[in-house]
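One structure is given below, encoded as structure tokens.
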Amino acid sequence: MSLQSSRGTKDLLPQEAQALVEMIQQASALFILYGYQLLATPHFENSEVFARGIGEATDVVSKEMFNVLSLDATRRLQHGEPLRAEEKMALRPEGTAGVARAVVQHKLALPGTASSKYWYVGSMYRHERPQKGRLREFHQIGVECLGAAEPSADAELIVLLMQYFEVLGIPMDAMTLKINSMGDDNCRPAWRAQVRRFILEHANGLCTQCQQRADTNPLRAFDCKNPDCARLLTQAPQITDMLCDSCLEHYAAVKSLLTAAQLNFVEDPRLVRGLDYYTRTVFEVQVDAGLGAQNAIGGGGRYDKLLEMFGARPTPGLGFAVGLERIKLVLEALGALNVNLPSPQVFVAAVDNESRSSAFMLCVELRRRGLSAEMDHQHRSLRSQIKLADRLGSPYCLIVGPEERAQGRFTLRSLTAHSEQALNLEEIVTVLNTRVSATSGNTAAKQPGGTSSP
Ligand SMILES: [Zn+2]
Ligand SMILES: [Zn+2]
């Protein structure tokens with residue numbers, strides 16, 4: 001039996017891989033306008049990084065992590081020997097913890113310096129039950145902004161997220177931006193205590209996990225996927241009724257800046273991130289198209305307590321993450337996924353065996369001039385080579401035979417206009433470049449032929 005990819009993983013075939021690359025390129029071009037720099041952290045880290053940065057009690061850390069063990073450590077484990085702390089590693093289940101660890105390790109966000117802005121992209125790994133839009137290896141793009149406490153930083157981050165979705169092709173009116181404030185050390189403990197009391201009073205209407213959450217982390221009950229829990233928790237005490245003055249002021253400033261930026265938003269007092277280090281602003285973007293119940297395509301918030309968990313001095317921070325597989329599903333559902341695999345700009349065809357090395361050299365010369373060229377490597381006949389050129393979507397075929405070699409002029413045949421002209425190399429380059437600028441690159445194959453006949 002032939003081998004198959006593992007459950008919950010996916011090969012990205014060229015069309016899908018190209019879609020991913022384009023989402024990354026668009027992020028790269030946009031994020032730079034907001035001052036973000038790329039930071040690439042390892043795919044695996046000491047497990048402690050995730051325990052601290054995500055929370056030991058979360059499902060992600062306690063149930064869904066892939067541990068990474070060396071063969072030697074595995075053998076010793078089998079013999080009942082304990083592992084050293086640095087031998088306990090895991091594949092990253094998200095991006096923020098690694099960035100936070102790196103920022104503290106390399107002292108990238110020191111007090112008194114300008115805020116540090118980093119973005120990341122790559123595979124994340126969670127051992128979940130695979131379902132639509134959810135894989136065990138998936139791709140995320142995220143940003144983290146460290147050192148900024150002002151509400152303008154919250155608003156800037158949200159504006160960036162919405163602009164990114166828009167650039168990707170999701171219309172503003174297809175998205176709902178939800179925001180909330182989670183309070184801070186000043187006002188959250190009282191709310192947390194009230195939620196805990198609410199859970200204990202309504203225990204018989206809640207799932208066992210939520211009942212246990214009363215003692216571990218009551219706020220995580222707001223994340224529960226159980227519909228009964230979700231319905232009951234709509235009656236739970238709301239943080240927005242209990243915010244202290246400075247949190248209220250911060251929240252009001254964020255909202256007024258979002259309004260100034262002409263972004264529509266919905267305040268959702270039940271939008272809660274169940275991790276202790278989240279403070280004040282949290283947000284989530286939802287779409288109706290294509291995802292069913294899993295309709296969140298991105299979200300984030302302020303986490304002023306996170307860097308302290310990695311041993312830094314108190315450093316405000318905030319960030320967001322988006323799942324690229326989910327965005328792709330949304331774009332598909334909206335009919336907005338336009339991926340064109342590039343076609344060669346020209347196919348160089350040899351008339352006979354003697355002309356093959358000339359064809360080869362022409363390809364080399366064209367590529368050195370920045371043009372994409374393809375040729376046959378399987379001894380096809382001229383007729384089959386031209387057919388292949390057509391199948392590859394190449395708008396031109398450059399024909400090389402004994403006559404052409406002798407004259408140094410080659411026959412450039414337009415496969416769309418069915419015209420031919422005899423040109424030298426520089427003239428060919430000019431014609432192909434003209435076509436590129438007229439049809440903007442890789443959509444060339446789909447445009448009608450536009451060059452002159454002899
Ligand atoms: Zn529940
Ligand atoms: Zn407060």
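Values in this text are rule-based calculations from the coordinates and carry no lab data. A quick note: this is a predicted structure, and the numbers were derived from the prediction, not measured. Here Cβ is always computed from backbone atoms with ideal geometry, including for glycine, and neighbour counts include all displayed protein chains.
The table for this structure:
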item: Value of [θ]222 nm, deg cm²/dmol, for the chain, DSSP H segments ≥ 4, -39500 (n - 2.57) each, nearest 500; result: -10500 deg cm²/dmol
item: Backbone HN-Hα couplings from phi across the range 137-147 [Karplus 6.51/-1.76/1.60, Hz, Gly and Pro as x]; result: 10, 9, 10, 10, 10, x, 10, 9, 10, 10, x
item: Exposure proxy ranking, count of Cβ atoms within 10 Å, fewest first, for Lys63, Lys88; result: Lys63, Lys88
item: Contact order normalised by residue count of the chain, Cα under 8 Å, 6+ apart, percent; result: 14 percent
item: Greater than 24 Å apart at Cα, pairs in Lys255/Lys328; Lys63/Lys225; Lys328/Lys387; Lys178/Lys305; result: Lys255/Lys328; Lys328/Lys387
item: Rounded to 5, percent antiparallel among DSSP beta bridges of the range 346-446; result: 55 percent
item: The range 67-191: mean projected area of Cα convex hull, nm²; result: 12.8 nm²
item: Stretchable slack from Gln105 to Phe66, in nm (0.36 nm times residue separation minus alpha-carbon distance); result: 11.7 nm
item: Over the chain, equivalent-ellipsoid semi-axes from the Cα gyration tensor in Å; result: 54, 26, 21
item: Qualifying trypsin sites (Lys or Arg not before Pro) for the range 97-190 [loop in DSSP, other Cβ within 10 Å: at most 15]; result: Lys107, Lys132
item: Mean separation of Cα contacts under 8 Å, 6 or more apart, over the residue count of the range 113-230: relative contact order %; result: 15 percent
item: The chain: antiparallel DSSP beta bridges as a percent of all, rounded to 5; result: 80 percent
item: Karplus-derived HN-Hα couplings along the range 309-325 (A = 6.51, B = -1.76, C = 1.60, θ = phi - 60°), whole Hz, x at Gly and Pro; result: 5, 9, x, 7, 5, x, 9, x, x, 7, x, 9, 9, 10, x, 6, 5
item: Separation in nanometres of the label points that stand 7 Å from Cα toward Cβ, at Ser28 and Thr259; result: 4.0 nm
item: Sorted by Cβ neighbour density within 10 Å, fewest at the top, the residues Glu87, Glu81; result: Glu81, Glu87
item: Per-residue HN-Hα couplings for the range 347-362 [Karplus 6.51, -1.76, 1.60; θ = phi - 60°; Hz; x = Gly/Pro]; result: 10, 9, 10, 9, 6, 9, 4, 5, 8, 5, 5, 5, 4, 4, 5, 5
item: Evaluated at q = 0.19, 0.25 Å⁻¹: base-10 log I(q)/I(0), Debye formula over Cα of the range 346-446; result: -0.88, -1.58
item: Local electrostatic count at Leu83 - Lys and Arg +1, Asp and Glu -1, tallied over other residues with Cβ under 14 Å; result: -1
item: Net lengthening on full extension, Glu150/Leu341 (0.36 nm per residue, minus Cα-Cα); result: 64.4 nm
item: Amide proton proximity set for His127, modelled H, under 5 Å, gap of 5+; result: Met65, Phe66
item: Coil-residue GluC sites (Glu not before Pro) of the range 14-70, DSSP, other Cβ within 10 Å capped at 12; result: Glu56
item: Isolated Cys in the chain, by beta carbon distance under 4.7 Å; result: Cys145, Cys207, Cys210, Cys247, Cys363, Cys397
item: Loop sites in the range 217-318: trypsin sites (Lys or Arg not before Pro), DSSP, at most 10 other Cβ within 10 Å; result: Lys225
item: Whole-number percent relative contact order across the range 346-446, with pairs defined as alpha carbons under 8 Å at least 6 apart; result: 28 percent
